[in-house]
Amino acid sequence: MSYAPLPPTPHDLVHLRADGVGLVLDLSGGTLPRVVHWGADLGALGPEELAALRLVQRPQPIGFSVDGPVDVAVLPEQSAGWLGTPGLVGNRGGADFSTAFRVESADRDGTRLRVTAQDPTAALGLDLAIELTPAGLVRQRAAVTNRGATPFTVDALQLALPVPPDATELLDFTGHHLRERAPQRTAFTQGLRVRENRTGRTGYDTAYLLAAGTEGFGNRSGRVWAVHTAWSGNHRTFAERTYHSVSLLGSGELLLSGEVVLDPGASYTSPWQYGAWGTGLDEVSARFHRHLRARPHHPARPRPVVVNTWEAVYFDHDLARLTRLADAAAAVGAERFVLDDGWFGSRRDDRRGLGDWYVSDEVWPDGLGPLTDHVTGLGLEFGLWVEPEMINEDSDLARAHPEWIMAAGGRLPGAARAQQVLDLAAPGAFDHILARLDELLATYPVSYLKWDHNRDLVEAGHQAGGGAGVHDQTRAVYRLMDELRARHPGLEIESCSSGGGRVDLEILERTDRVWVSDCIDALERQRIQRWTNVLIPLELMGTHVGAGVAHTTDRRHPLDFRAGTALFGHFGIEWDLTRADPEDLARLAGWVALYKELRGLLHTGTAVHADHADPAYEVSGVVAADGSDAVFAVVAHATSALYPPGPVRLPGLLPDALYHVRPLPPGDVTDGNAFRWGVELPWWRPEGVRLPGRALAEAGLQAPVLFPERLVLVRVTRADEEAAGRDGERAGG
């Protein structure tokens with residue numbers, strides 16, 4: 001069946017604008033929407049100007065796989081002549097492998113567009129939701145519906161956004177346990193670059209954010225386009241460039257064979273795909289951060305100082321020891337106490353007990369009440385570690401219900417950390433875990449769950465039926481979290497997955513922070529936190545002060561470097577404070593007080609990162625939304641090739657505002673050989689200096705000479721507002 005294309009009209013063009021971003025969509029001809037422009041706002045364009053823009057963007061139709069133009073829609077189709085990655089991959093008993101959707105309706109509501117389409121030959125319906133959020137993010141997803149009389153197998157449903165030819169570099173991420181979100185750059189050449197994650201969770205070795213930009217794009221420079229797949233299971237992200245001058249960024253869920261087979265009338269919906277455009281990575285990040293902060297369920301109250309017991313006591317649960325730790329935590333200013341692994345069933349080590357979510361009568365003969373009473377009596381909130389998606393073979397639950405373990409081919413997968421995966425898509429398993437967690441939350445004053453997920457999903461199948469189950473498992477986890485939060489309003493959940501293995505925008509729809517990494521080594525954390533922050537704001541990032549010698553690297557760091565690193569996030573402590581000396585406790589209390597003073601700024605302001613030429617030094621900070629206040633960290637990762645290191649720039653300030661710039665205690669620069677030798681940095685004094693924002697951003701100021709793996713803080717506030725405040729105090733007096 002063929003269709004005669006309708007002549008294009010100006011009414012077939014949709015122009016969406018928000019926060020300096022423009023998105024122009026072409027709906028002419030009755031085929032799926034094509035992106036004419038995605039990038040900087042083009043201003044108010046009338047119908048004739050939009051038609052002219054479409055016309056001048058049309059290529060000469062030469063060299064294509066079919067005669068005439070080849071239009072690549074947000075859901076690319078081979079029927080349009082596109083022989084790159086298709087949007088929908090599937091079949092109906094081997095037939096209907098290629099679609100030719102025709103738009104039935106396109107309804108616009110502000111900056112949202114909903115398109116419904118059908119392919120009567122393939123007997124499929126399609127719904128597309130495309131929107132430009134107030135923060136300037138493109139957000140889109142698709143749903144395919146089987147309108148035929150026989151099942152239709154969906155193998156992939158992927159959306160794509162085009163980028164221009166001058167986007168010649170790609171940035172994405174890789175990593176592993178204890179080294180999450182490590183950046184890597186490649187050239188954006190012709191061909192297909194694919195990042196596939198098959199771990200059953202967001203994963204360490206995941207694209208995270210796939211960015212394409214102009215050559216040499218940085219934090220504050222270059223044009224950048226980026227996509228993120230909001231999905232916590234298997235997913236696929238790709239960059240594709242053809243010699244037909246087409247460049248795409250695309251993504252979708254990675255479906256295992258047979259995972260989605262649509263019965264007549266059934267639908268499958270893709271994850272949300274987010275696209276961000278900006279000048280430099282900081283602007284791309286700011287769009288994601290503004291979007292997240294605008295959500296009605298975004299954490300609104302000040303993020304409490306957390307003390308987590310894991311690296312303090314591990315499995316050594318003892319009431320006297322833990323109450324002493326709680327006392328020490330309260331003394332330094334902590335506000336939340338989280339009891340980690342080891343409190344339930346036979347869980348005296350990491351090889352048994354998972355699934356038995358009953359308080360252990362061996363180590364807690366009187367239940368958790370004595371500990372929770374003590375903790376809450378100190379004015380601290382109480383949190384609890386759980387890992388509901390996993391099960392040990394050595395557990396009462398596994399012995400009672402071996403059929404609830406995910407498996408394929410009549411065999412159990414290889415164990416990892418002595419764990420298997422509990423099939424939450426099995427109704428009995430889901431109901432059991434929901435009931436156990438619900439009872440714990442009803443029995444004890446638990447306001448916070450640290451929700452862990454400590455293994456990849458290998459051969460994750462349903463024993464009942466034998467099919468692959470990663471898709472179902474991911475959906476079941478979402479349902480479980482949603483139901484617990486509905487039953488217990490105010491409950492907060494932290495997404496932990498062997499550290500930072502599950503960080504994405506969909507898990508953050510139902511969690512209040514992510515555990516960035518199991519590595520609390522401050523030097524490693526500097527990079528892990530920086531690149532986690534490229535997508536999510538600081539208040540959603542769990543950042544802890546560890547012991548003087550890091551448990552995961554055996555590297556030693558002074559307290560100021562550890563605490564100053566943890567300051568830029570949701571601050572916490574994971575250290576046996578009962579063994580800390582009084583000087584360290586007093587110093588730590590000073591950092592806790594500073595965090596409480598600054599968290600309003602850190603968790604609402606704009607994160608900024610200087611493009612600093614010296615790889616040994618890094619400058620980053622947070623600037624208040626109105627430009628009135630800022631805090632910056634100057635960090636020495638290594639010994640500089642320059643001696644002294646030279647000036648650093650402070651980005652993001654109001655160019656014409658006058659600022660008061662001064663060192664910020666409790667950190668100082670005595671950890672540098674210049675100060676040790678009595679050589680002062682002229683401006684580094686408590687009274688500081690006053691300079692306009694433009695001068696600080698363009699000329700900068702001299703950085704102190706620091707020993708490697710040290711940092712100092714700089715506070716920057718508007719001098720005219722300080723003066724107005726002093727005048728107001730005098731007038732009030």
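Points worth noting:
- Within the range 176-206, the residues that satisfy the criterion of being free of Cβ contacts under 8 Å to residues at least 40 places away in the same chain and in a loop (DSSP other than H, G, I, E, B) are ASP205, THR206.
- Residues in the range 106-121 include at least one that is farther than 30 Å from ALA294 by Cα and free of Cβ contacts under 8 Å to residues at least 60 places away in the same chain.
- Evaluated against (1) surrounded by fewer than 23 Cβ atoms within 10 Å (Cβ to Cβ); (2) over 30 Å from ALA625 (Cβ atoms); (3) among the aliphatic types (A, V, I, L, M), LEU248 falls short on exactly one condition, (1).
- Cross-chain or 6+ apart pairs with Cβ under 9 Å, the range 213-232 first and closer than 30 Å to GLN473 by Cβ, then charged (D, E, K, R) and part of a strand (DSSP E or B): THR229/ARG236; THR229/GLU253; ALA230/ARG139; ALA230/ARG141; TRP231/GLU253
- Of the residues making up the range 585-608, those that are more than 17 Å from the chain's Cα centre (by Cα) and open to solvent by 40 Å² or more (accessible area, probe 1.4 Å) are LEU585, ALA586, ARG587, ALA593, LYS596, GLU597, GLY600.
- Number of residues in the range 488-531 that are within 23 Å of LEU434 (Cβ to Cβ) and among the small types (Gly, Ala, Ser) equals 3.
- Those residues of the range 485-505 which are open to solvent by 30 Å² or more (accessible area, probe 1.4 Å) and either touching a strand residue (DSSP E or B) at 6+ places or on another chain (Cβ under 7 Å) or of a type in the set (Lys, Arg) (or both), in sequence order: ARG485, ARG487, GLY490
- Looking only at the range 680-733, residues that are outside any loop (DSSP other than H, G, I, E, B) and either modelled with pLDDT under 95 or of a type in the set (D, E, K, R) (or both) come to 19 in all.
- Within the range 502-522, the residues that satisfy the criterion of being touching a His at 6+ places or on another chain (Cβ under 7 Å) and over 24 Å from ALA300 (Cβ atoms) are ASP518, ILE520, ALA522.
- Every condition in (1) open to solvent by 40 Å² or more (accessible area, probe 1.4 Å); (2) modelled with pLDDT of 95 or more holds for ALA167 except the one numbered (1).
- Of the helices (runs of 4 or more DSSP H) lying entirely inside the range 228-345, the ones with 3 or more residues being at pLDDT 95 or above and under 22 Å from the mean Cα position of the chain (by Cα) are found at 280-293.
- Just one of the numbered conditions (1) out of contact with any strand residue (DSSP E or B) (no Cβ under 8 Å at 6 or more places or on another chain); (2) buried (at least 18 other Cβ atoms within 10 Å of the Cβ) is not true of ASP349: (2).
- Residue match in the range 87-95 (condition: within 25 Å of VAL224 (Cα to Cα), in a strand (DSSP E or B) and open to solvent by less than 20 Å² (accessible area, probe 1.4 Å)): no
- The single residue among GLY428, GLY465 that is at pLDDT 95 or above and either out of contact with any His (no Cβ under 6 Å at 6 or more places or on another chain) or surrounded by fewer than 22 Cβ atoms within 10 Å (Cβ to Cβ) (or both) turns out to be GLY428.
- Applying a threshold of 6 Å to beta carbon distances and a minimum spacing of six or more residues, or different chains, the list of pairs starting in the range 694-713 at a residue that is among the basic types (Lys, Arg) and ending at one that is open to solvent by 20 Å² or more (accessible area, probe 1.4 Å) reads ARG694/PRO655; ARG710/ASP671.
- Taken over the range 617-636, the criterion of being among the aliphatic types (A, V, I, L, M) and more than 14 Å from PRO647 (Cβ to Cβ) is satisfied by VAL622, VAL623, ALA624, ALA625, ALA630, VAL631, ALA633, VAL635, ALA636.
- Test result for ASN197, open to solvent by less than 10 Å² (accessible area, probe 1.4 Å) and either of a type in the set (Phe, Trp, Tyr) or modelled with pLDDT of 95 or more (or both): yes
- Scanning the range 513-526 for residues that are open to solvent by less than 10 Å² (accessible area, probe 1.4 Å) and not in a strand (DSSP E or B) gives VAL516, SER517, CYS519, ASP521, ALA522, ARG525.
- Meets criteria (over 36 Å from the mean Cα position of the chain (by Cα), at pLDDT 95 or above and not in a loop (DSSP other than H, G, I, E, B)) for ALA106: no
- Filter result (crowded, with 18+ Cβ neighbours inside 10 Å and of a type in the set (Val, Ile, Thr)) within the range 627-681: VAL631, VAL634, VAL635, VAL648, VAL661, VAL669
- Subset of the range 367-400 that is out of contact with any Gly (no Cβ under 9 Å at 6 or more places or on another chain) and polar (S, T, N, Q) - its residue that is nearest to SER346 (Cα to Cα): THR372
- Among the residues examined, THR116 does not qualify as open to solvent by 50 Å² or more (accessible area, probe 1.4 Å), among the hydroxyl-bearing types (Ser, Thr, Tyr) and either more than 30 Å from ASP456 (Cβ to Cβ) or at pLDDT below 95 (or both).
- In summary, PRO582 fulfils each of the numbered conditions (1) surrounded by fewer than 23 Cβ atoms within 10 Å (Cβ to Cβ); (2) closer than 19 Å to ALA300 by Cα with the single exception of condition (2).
- Restricting the range 388-415 to residues that are in contact (Cβ under 8 Å) with a residue 60 or more places away in the chain and crowded, with 22+ Cβ neighbours inside 10 Å leaves a set whose member that is farthest from GLY572 (Cα to Cα) is MET406.
- Every condition in (1) buried (at least 18 other Cβ atoms within 10 Å of the Cβ); (2) in contact with an Asp or Glu (Cβ under 7 Å, 6 or more places away or on another chain); (3) touching a residue at least 40 places away in the same chain (Cβ under 8 Å) is met by THR99 except one, and the failing one is (3).
The values are calculated or read from the model by the stated rules, or taken from the named source; none is laboratory data. Note that the coordinates shown come from a computational prediction; the quantities given were computed from them, not determined experimentally. Glycine also receives a Cβ, built like all others from the backbone with ideal geometry; neighbour counts cover every protein chain displayed. Note: accessible area is taken over every heavy atom of the protein model, side chains too, but ligands, DNA and RNA are not part of it. Shrake-Rupley method; radii C 1.70, N 1.55, O 1.52, S 1.80 Å.
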